[in-house]
Each structure stands twice: as C-alpha cells, then as structure tokens.
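The values are calculated or read from the model by the stated rules, or taken from the named source; none is laboratory data. None of the values given here were measured: they were computed from a predicted structure. Positions of Cβ are backbone-derived with ideal geometry, glycine not excepted, and every protein chain shown enters the neighbour counts. Side chains included, ligands, DNA and RNA excluded: accessible areas come from the protein's heavy atoms. Shrake-Rupley method; radii C 1.70, N 1.55, O 1.52, S 1.80 Å.
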Amino acid sequence: MTAATPLLAIHDLTVEFATRRGTVRAIEQVSLSVARGETLGVVGESGSGKSVSAYSVLRILDRAGRIAQGSIEFSGMRLDQANERILLDIRGREISMIFQNPRAALNPIRPVGRQIEDVLLQHTRAGRSNARNEAIKALQAVRIADPEQRYHAYPFELSGGMCQRVVIAMALACRPQLLIADEPTTGLDVTTQKAVMELVVELSRERRMAAILITHDLGLAAAYCDRIVVMEQGRVVETAPVKTLFQAPQHPYTQRLLRSTPRLDSQIRDLLPEPHSAPVFPPHGAPLLEVRDLVREFPVHGQTQTVRAVDGISFTVHQGESLGLVGESGCGKSTTSAMLMRLLDVSSGHIVFKGENIAAVPAARFAHHPLRGKLQMVFQDPTDSLNPRWTAEHSIADPLVRLSDLSRRQRRLRVQELAERVGLPSNLLSRFPHQLSGGQKARVGIARAIALDPDLVVLDEPTAALDVSVQAVVLNLLADLRADLGISYLFITHDLNVVRLICDRVMVMQAGTILEQGPTEQVLSHPQHAYTRTLLDAIPHPP
Amino acid sequence: MQLTQRLGAIGYRLLQAVPVVFGIIVITFMLTRALPGDPAVYFAGPAADERSIAEIRAQLGLDRPLPVQFWSYLSDLVRGDLGTSISTGQPVTHELMTRLPASLELTLVALLFSVLIAVPLGVLAATRPDTWIDHLCRFIVTAGVSLPTFFTGLLLVYVFYFLLGWAPPPMGRLDILYLSPERVTGFYLIDALIAGEYATWRSAAAHLVLPALTLGLFTLAPIARMTRAAMLQVLASDFIRTARSAGLNRRKILLSYAFRNALLPVITTLGMVFSFALGANVLVEKVFAWPGIGSYAVEALVVSDYAAVQGFVLAMALLFVTLNLVIDLTYTLIDPRVRLGD
C-alpha cells in the first residue's frame with residue numbers, strides 16, 4: 001500500500017483565516033498522505049480542521065482562507081502553488097469531492113442530468129452530441145434505476161440517498177484518481193449510509209481510485225478505511241492502520257474518542273473519560289402513557305385517497321421507563337411524537353396520559369390543558385430549537401413563565417437549580433445561543449424540558465447533531481436525570497447503538513406501523529423481524 | 001397536459017382576483033365620496049349660488065342615495081363605461097387609454113435602463129466584495145435612493161437641456177412639430193415604428209431619455225441592492241462549492257449556477273419597483289410635462305373628480321393583478337419547485 005511516491009502528500013500544511021478578530025489558524029502543520037488505491041479515513045470532531053484540510057487540497061477555501069505554510073503534492077505537482085487554470089483541470093477530473101447534505105450540494109433548479117453533463121463538458125470527456133448519453137451512463141454507474149427518467153429530475157424530486165448518488169456520479173464522471181468524501185453519509189439513514197458507502201468502495205476498487213473519507217464516525221471509518229488519521233483542533237494527533245488504532249491507540253485524544261464511541265458491549269458509563277458508578281433507576285411503576293390504535297392520515301395533493309403516516313400503532317410507557325422508538329426517515333416517528341405532544345390532531349385512536357385521553361383535546365387548545373406541563377419535549381437540533389434572541393436563562397424560564405405561578409424571584413432560583421442539575425455553569429445563563437457550544441445548547445434544551453417536573457419527556461434525536469464526546473456526556477446526563485427524578489422517556493432515534501445504552505424497551509417502526517417491540521436486549525440481539533435485522537446489519541461497528 | 005394544467009392554474013388565479021377587484025371597486029367608491037370637497041361646487045364655478053349647485057348636483061346624479069349611485073356605477077362599468085371626467089369633460093376610458101401607455105412607456109424604459117445597469121453592477125459587486133466595484137455599487141445605490149426624483153430630473157434638465165442643449169425641451173412626449181403616430185399600442189416608440197415614421201420615433205426617443213433616466217436612477221438602487229444580496233447568498237451555498245470542486249469554470253458557475261438561482265428575489269423586487277414606479281412617477285411626469293396617468297390622478301383627486309379617480313384606481317388594480325400573475329408565471333419558468341396551483 002505505501003508505495004514509494006504517494007498519490008497525494010500533504011506536508012506541514014498550515015491554513016489561516018482572516019477574521020474580524022485577526023488571523024485564526026484553522027489547521028496547523030498537518031501532514032498526511034494517500035497512496036494509489038488506498039482509502040484513508042480522517043476522523044475528528046467538529047472544529048478539528050478535517051474539512052479545511054480537504055478544501056485546501058482542491059484550493060476551494062473561502063476567500064478569507066489562505067495557505068500560510070506547507071506543501072500539497074499531487075502526482076508530483078505542487079497544488080499549493082498551482083494557478084487557477086491548472087486547478088480547474090485538476091478539480092473534478094483528477095480529484096473529486098462529495099459532500100454532506102447531498103440535496104443542498106446540487107443546484108436546486110437544474111435537472112441532475114444536466115449538472116453531470118456540465119462536468120463532462122467542462123473536462124471535455126464528452127462533446128455536445130454525446131454528453132447526454134454519457135451523463136445517463138454516469139447515473140447508471142451509481143446504480144440509479146431508470147436513469148433516462150432520472151436525468152430530467154430536479155434534486156427536490158429525489159430522496160437524500162438518491163441525491164448523494166447523483167453527487168457521486170458527478171464526482172466520478174471524469175474518472176478521477178482521488179475522491180474526497182466529506183461526511184458523505186451524515187444525515188442519511190443507516191441502510192442508505194450502507195448502500196452509499198458500499199457504492200463508493202466498490203467504484204473506487206473497480207477504478208483503482210484512492211479515497212479520503214472524512215467523518216466524525218469512528219465506526220464508519222473503521223469499516224471502510226485502510227488507515228486512519230485522527231485530528232484534534234487543527235492538528236493531526238495520530239496516524240495508524242485501522243487495526244492498530246483500535247487495538248493500541250497512542251494519543252490520549254484518540255483514546256478518549258474511542259471511549260466515547262458507543263459499541264456493541266459498552267455500558268453508558270463506559271463512554272465517559274472517568275469511571276462513574278452505574279445509575280440506579282427506580283423500579284417501573286404503573287402505565288403512564290397508553291397509546292391505542294393511533295392513526296394519522298394526510299391528504300395527498302390532487303388525489304382523493306389519503307396516506308397513512310401513522311397506521312394504527314399501540315404501545316405503553318410505564319412510570320420511570322425509557323422506551324425507544326427506532327426507524328428511518330419517513331417512517332412516521334415525527335408524526336407520532338407531534339401527536340403525543342398534542343401539536344397535531346389524531347385521525348383516530350387514543351392517547352391516554354395519566355388516565356386521561358388527551359387525544360380528545362384539540363391540538364389548538366392543549367397549550368392550556370392542565371396536563372401540558374407534565375409532557376415535555378427535547379428537540380433534535382439544539383441550535384434551531386432555541387430562540388436566537390433569548391438568553392439561556394430566558395429559554396429555560398419560558399415554560400415557568402407560561403405554565404407555573406412562580407414569582408420572578410422564585411423563577412430565578414429555579415433556573416439556577418435547573419442549570420446546576422444539567423451541569424450548565426451558571427455564568428453561562430446570560431449568554432445567547434450563538435455564544436454557547438453544541439453541548440451547552442443541548443443542556444439548555446434539556447433544562448427547559450424538565451423545568452416543570454414533567455412525568456414524560458419525548459426526546460427526538462437529542463444527540464444526533466452532537467459530537468461523540470458531547471453525545472456521551474449528554475446521554476449520561478439523561479440517564480442521571482431519569483435515575484434521580486424518575487422521569488419516563490420516549491426516545492426517538494435512528495441510532496440503535498444509542499438505544500442500547502439508554503432504553504429499557506424498544507419499538508421498531510416502518511411505514512407507519514410498529515414491526516416489533518420488546519426489551520432492548522432481546523430485540524437487538526434476537527430480532528424477530530427481517531427489517532430489524534437489516535437495520536442492525538447496516539450499523540458500522542468499530543472492530 | 002402541462003399546458004392545459006398551466007392554463008387552468010392561470011384561470012384559477014384570475015378567478016381569485018375577482019373578489020379583490022370587487023373589493024377595490026367598493027372601497028374606492030366609498031372613499032371618493034368620503035373625501036372632503038364637493039364636485040358640484042367645483043363644477044358650478046365660483047359665482048354659483050345654492051340653486052345652481054343643487055341643479056348641477058342633480059344633473060351629475062349626486063343627489064341620489066349612495067346605493068343607487070353605486071348600482072348605476074356598476075352597471076356602467078359592466079358595459080365598459082367608466083363615466084365622464086367632470087374636469088376635462090372627456091370620457092375616463094378615453095383618457096386612461098391615452099395616458100396609461102404614456103406612463104407605461106416611461107416606466108418600462110426606465111426599468112429596462114435600471115435593470116441593464118443594476119443587475120450587472122450587483123453581480124460584479126457580489127463577486128468582488130470590498131473592491132472598488134463594490135464601493136461604486138454602494139455609492140450609486142445610496143445616491144439613487146437619497147436624491148429625490150424631482151431634483152435629479154431638474155438637474156438633468158439643467159445640464160443636458162439648458163447648459164449643453166443635447167436634450168429636447170422637457171415638454172411632453174414629442175416636439176410640437178410632430179403629430180403623434182397613428183395609435184396602435186399607445187407606445188409612441190412602437191407606434192412610430194409601425195407607421196414607419198422614423199423622425200417621429202427619434203423625437204419620441206429623445207423626449208424619453210431624460211425622464212426615463214431620472215426614474216431609472218431612482219429604481220436602480222433597490223434592484224442593484226437585491227441582486228448583490230441574492231448573489232452573495234447564492235455564492236455561499238453548498239451547490240456552488242460542489243460546482244467549484246467539480247472544476248466548472250467561473251463563467252459557468254456565475255451564470256448557469258449562481259445567477260439563475262439569484263434571479264427569484266431579483267424578479268420579486270422588480271415587480272415591486274415596477275408597481276411603485278408607476279404610482280410614484282407623478283413628480284417625474286410633472287417635471288417633464290409628461291401626459292401620464294400619475295399627474296392625471298392627482299389632478300382628479302384634488303377636485304374630487306369621482307369618475308376619474310375611480311377609473312384610475314381600477315386600472316391600477318387590474319394592472320397589478322396582471323403584474324403579479326406575470327411574476328408568478330416567471331417564477332414557475334425559473335424554479336421547478338414553484339407551482340402555480342399551490
């Protein structure tokens with residue numbers, strides 16, 4: 001693998017950004033290399049400089065960014081010194097890139113086939129006469145069914161997985177020697193992730209192409225890479241073959257990262273850097289929430305029949321229990337949670353919460369219902385779910401203002417107490433969301449949800465947007481809160497590894513129905529349904 | 001199938017406009033009557049006594065109860081009769097037919113001028129932020145909005161007519177020597193070409209330059225601003241990064257990828273600018289003695305000329321309904337995600 005001259009060699013690369021507060025170094029003295037036919041993983045948390053390194057290779061940094069030091073050598077050519085004309089020929093023809101959030105990565109108002117054509121024409125891989133055929137061939141190569149039809153499709157008409165295939169088709173249309181994939185599957189379902197990654201691996205093997213996989217997911221890197229580079233705060237801290245890295249991580253940061261990545265056999269406390277005693281949960285009590293034959297139908301534009309987003313589901317959450325709801329996008333998870341939170345009216349069925357059928361209360365009037373405060377929610381995106389013009393204190397106090405009769409002074413004290421409870425330093429309470437880190441914002445969201453001492457909290461992918469080390473801390477915080485306060489959780493997620501850590505029981509949902517439910521251990525180790533097995537198989541595991 | 005769908009959607013949209021237009025008819029009718037001022041007194045002249053005023057009032061039908069007046073107004077309207085202006089004695093329909101094209105011609109030429117300048121300026125400013133072109137764009141935008149049109153108009157007249165003598169006198173649409181071309185569209189530039197009267201065309205064009213420039217300088221600012229902002233936003237988006245990483249050249253990225261995506265907000269702004277330019281060019285029309293619809297409406301309003309004011313408002317309402325439809329149709333042509341029916 002490590003031939004004498006690597007295909008790409010980055011040596012001591014330092015990239016600076018000119019900001020209003022002076023120059024900031026995004027990456028410092030980064031060195032890495034990729035050999036022909038090799039797949040290199042670049043792993044790190046947000047802000048580690050993974051993407052900046054990749055953008056520097058193609059020289060597509062923002063205007064403010066500049067290579068301050070070091071060299072980038074590709075096939076014996078100094079890319080750091082190349083002029084724009086040479087770079088235009090390199091980009092897309094010799095080195096290609098695919099991105100996170102594939103739908104946004106495509107021009108929204110140009111048919112996808114035309115976008116592939118643009119690349120082919122630019123690099124004279126096709127002429128006006130055969131461009132269309134070549135574009136259709138490129139779509140075929142990424143296993144898009146019905147490529148002649150899809151050629152005319154716009155990105156908004158395709159699923160996320162399909163869009164990523166189109167982006168890959170664009171990237172590989174000119175048969176580049178190196179593919180850089182920047183978080184290519186973040187935000188995609190696990191089964192889609194598996195399909196996309198296998199496609200990338202297969203195509204690069206077939207074409208003897210080198211690849212760089214940039215990801216925050218160690219499991220993903222382990223499953224598909226030969227070697228891994230670990231980055232932290234703009235520096236490379238460790239480079240090693242996959243096996244070595246997982247068996248004998250050298251750098252403390254790598255060790256920490258490995259620790260906080262959930263594995264098949266990890267317990268929730270294992271994720272933390274220091275040892276903690278396992279949380280002790282109170283025994284489950286009486287049924288708290290009973291859902292019976294819940295249905296939600298939506299009208300389809302231009303058709304008389306309706307589509308059933310949630311199709312007759314039934315389940316029970318007991319007092320003090322944590323129930324997981326797992327499924328891929330579009331399975332009806334969010335519709336279910338919106339109905340439980342009474343944000344959405346039900347088509348039929350019962351939602352019995354604390355002995356009262358709250359499905360009978362219209363969604364528009366539930367805000368004033370006495371049970372409203374006992375039912376709370378934590379949302380997926382900690383940034384978007386906070387009012388950007390409110391301080392952390394204001395956000396946490398909001399439910400107290402609306403639904404409790406505490407005095408101003410009592411509210412202040414309660415907010416202080418809640419901040420302490422969720423581990424948010426009290427000097428951060430006066431800050432606005434943009435002044436807080438992802439983990440801190442997640443804590444604010446959780447503090448807000450538990451402010452009114454709820455009995456049930458619906459957690460909708462609360463850690464999906466967080467780095468693994470932050471996820472580890474937040475998951476442990478949630479476990480502590482449940483142990484201390486006896487709250488019940490309905491935990492909605494697509495990540496089965498997280499379910500394993502935090503849920504007593506789990507339900508698997510697909511196309512609006514619940515396929516199976518049972519104790520977490522049993523469902524995950526002896527799945528009854530084929531779909532559950534598919535989901536389990538699709539998760540990449542660290543060795 | 002697509003065409004019939006589209007035609008159906010257009011028909012539906014026009015149908016939706018019916019209640020709006022009816023509401024406008026009712027409100028203008030009520031408002032003109034609620035305004036202070038009595039057209040009978042004005043019409044009768046300063047020397048009239050009570051009796052002759054009452055006589056005239058009866059003659060104009062203004063002594064009848066409001067619902068009756070409204071009903072007769074409506075039934076006239078259905079027949080296409082907008083009534084007769086009491087100040088000019090001409091049928092309102094006729095006046096609008098001659099004056100509206102004058103205003104439209106001025107506004108459209110002004111918009112064409114400002115789009116030709118503003119859009120490239122905005123694009124250049126966005127692609128080269130903080131360079132001299134960006135600063136120039138900012139300067140022109142600030143100057144354009146802060147100089148009142150009557151001032152720029154007078155300044156242009158002073159320089160180009162009085163000092164340099166390049167421009168014709170600011171007295172209407174044509175030199176007194178020329179007769180207006182045979183009326184087909186009401187746009188002199190087009191009608192003169194149809195009639196083959198090139199000297200008339202030149203005179204009409206020469207008379208258009210200064211007022212169009214005046215109005216254009218004013219409308220340039222919002223368009224340039226919006227183009228710059230929209231381009232900056234699009235250039236920072238993910239798909240531009242993809243296009244760059246795929247090695248597409250600058251021209252392709254700017255034109256096929258960025259500019260087309262930035263067009264939507266620019267077109268919205270264009271529609272808004274068109275509406276307010278049409279209503280607000282009274283000052284330009286006054287400075288250049290332009291026989292347009294704005295000055296007509298203001299004069300009619302001052303003397304409570306009911307028929308003229310109502311006719312004007314109705315014409316504007318219909319124009320805006322059409323304009324909005326055209327803008328929405330343009331959207332569907334540019335952006336596949338927008339559908340007319342929704």
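When every residue of the stretch A:82-96 is checked against the conditions, at least one turns out to be open to solvent by 10 Å² or more (accessible area, probe 1.4 Å), within 14 Å of B:ARG244 (Cβ to Cβ), out of contact with any Phe, Trp or Tyr (no Cβ under 6 Å at 6 or more places or on another chain) and touching a residue at least 40 places away in the same chain (Cβ under 8 Å). Screening the stretch A:138-253 for helices (runs of 4 or more DSSP H) wholly inside it with 2 or more residues that are out of contact with any strand residue (DSSP E or B) (no Cβ under 8 Å at 6 or more places or on another chain) and closer than 29 Å to A:ARG59 by Cβ returns the ranges A:160-172, A:190-206. Among residues of the stretch A:104-126 that are touching a residue at least 60 places away in the same chain (Cβ under 8 Å), those with a Cβ under 8 angstrom from a residue that is open to solvent by 30 Å² or more (accessible area, probe 1.4 Å), sequence gap 6+ or separate chain, pair up as A:ALA105/B:ASP238; A:ALA105/B:ARG241.
Please tell me if A:VAL291 is part of a loop (DSSP other than H, G, I, E, B), out of contact with any Pro (no Cβ under 7 Å at 6 or more places or on another chain) and either aliphatic (A, V, I, L, M) or surrounded by fewer than 10 Cβ atoms within 10 Å (Cβ to Cβ) (or both).
no
From the residues in the stretch A:505-528 that are part of a loop (DSSP other than H, G, I, E, B) and open to solvent by 50 Å² or more (accessible area, probe 1.4 Å), which one is farthest from A:GLU328 (Cα to Cα)? Result: A:HIS526. For beta carbons closer than 7 Å, sequence separation of 6+ or different chains, a first residue in the stretch A:244-257 that is buried (at least 16 other Cβ atoms within 10 Å of the Cβ) and a second that is assigned to a loop (DSSP other than H, G, I, E, B), the qualifying pairs are A:PHE246/A:PRO542; A:PHE246/A:PRO543; A:ARG256/A:PRO273.
For the stretch A:97-107, which positions are facing chain B (nearest Cβ under 7 Å) and open to solvent by 10 Å² or more (accessible area, probe 1.4 Å)?
Step one: filter the stretch A:97-107 for residues facing chain B (nearest Cβ under 7 Å), giving A:97, A:99, A:101, A:104-107.
A:ASN101, A:ALA104 - these are the residues of the stretch A:97-107 that are facing chain B (nearest Cβ under 7 Å) and open to solvent by 10 Å² or more (accessible area, probe 1.4 Å).
Counting just the residues of the stretch B:233-268 that are open to solvent by 50 Å² or more (accessible area, probe 1.4 Å) and outside any helix (DSSP H, G or I), which one comes out nearest to the other protein chains (Cβ to nearest Cβ)? Across the stretch B:233-268, the extreme among qualifying residues is B:ASN249.
Among the residues making up the stretch A:78-96, those that are among the aliphatic types (A, V, I, L, M) and more than 9 Å from chain B (Cβ to nearest Cβ) are A:LEU79, A:ALA82, A:ILE86. The requirement of being free of Cβ contacts under 8 Å to residues at least 24 places away in the same chain, open to solvent by less than 20 Å² (accessible area, probe 1.4 Å) and either within 29 Å of the chain's Cα centre (by Cα) or within 14 Å of chain B (Cβ to nearest Cβ) (or both) is not satisfied by A:ALA54. Here B:ALA307 meets each of (1) in contact with a helix residue (DSSP H, G or I) (Cβ under 7 Å, 6 or more places away or on another chain); (2) farther than 28 Å from B:GLY216 by Cβ; (3) within 11 Å of another protein chain (Cβ to nearest Cβ); (4) not charged (D, E, K, R) with one exception, condition (3).
Taking helices (runs of 4 or more DSSP H) as the structural unit, those lying wholly within the stretch B:13-93 and holding at least 2 residues that are in contact (Cβ under 8 Å) with a residue 40 or more places away in the chain and not aromatic (Phe, Trp, Tyr) correspond to B:66-78. When the test is whether a residue is away from every other protein chain (no Cβ under 13 Å), more than 30 Å from B:GLY61 (Cβ to Cβ) and small (Gly, Ala, Ser), B:ALA300 does not pass it.
Checking each residue of the stretch A:412-434 against the condition of being part of a loop (DSSP other than H, G, I, E, B) and of a type in the set (Val, Ile, Thr) gives at least one match.
Just checking, does the stretch B:277-297 include any residue being without any contact (Cβ under 8 Å) to a residue 40 or more places away in the chain, part of a helix (DSSP H, G or I), in contact with an Asp or Glu (Cβ under 9 Å, 6 or more places away or on another chain) and not assigned by TED's automatic domain parsing to the domain that holds B:GLY37? The answer is yes; a qualifying residue exists. Of everything listed in (1) surrounded by fewer than 20 Cβ atoms within 10 Å (Cβ to Cβ); (2) without any contact (Cβ under 8 Å) to a residue 12 or more places away in the chain; (3) under 27 Å from B:ASP130 (Cα atoms), the single unmet condition for A:ARG78 is (3). Filtered by the rule that a residue be open to solvent by less than 10 Å² (accessible area, probe 1.4 Å), more than 8 Å from every other protein chain (Cβ to nearest Cβ) and of a type in the set (Gly, Ala, Ser), the stretch A:162-177 gives a lone residue, A:ALA169. Every listed requirement among (1) buried (at least 20 other Cβ atoms within 10 Å of the Cβ); (2) away from chain A (no Cβ under 14 Å) is met by B:LEU319 save one, (1).
Cβ separations smaller than 7 Å between residues 6+ apart or across chains give the following pairs from the stretch B:305-325 residues that are under 10 Å from B:THR32 (Cα atoms) to residues that are open to solvent by 40 Å² or more (accessible area, probe 1.4 Å): B:ASP305/B:SER87; B:ALA307/B:THR84; B:VAL309/B:LEU301. Just one of the listed residues (A:GLY324, A:GLY320) is touching a helix residue (DSSP H, G or I) at 6+ places or on another chain (Cβ under 8 Å) and not in a strand (DSSP E or B), and it is A:GLY320. Exactly one residue out of B:ALA230, B:ALA221 is in contact (Cβ under 8 Å) with a residue 12 or more places away in the chain, open to solvent by less than 10 Å² (accessible area, probe 1.4 Å) and within 14 Å of chain A (Cβ to nearest Cβ), and it is B:ALA230.
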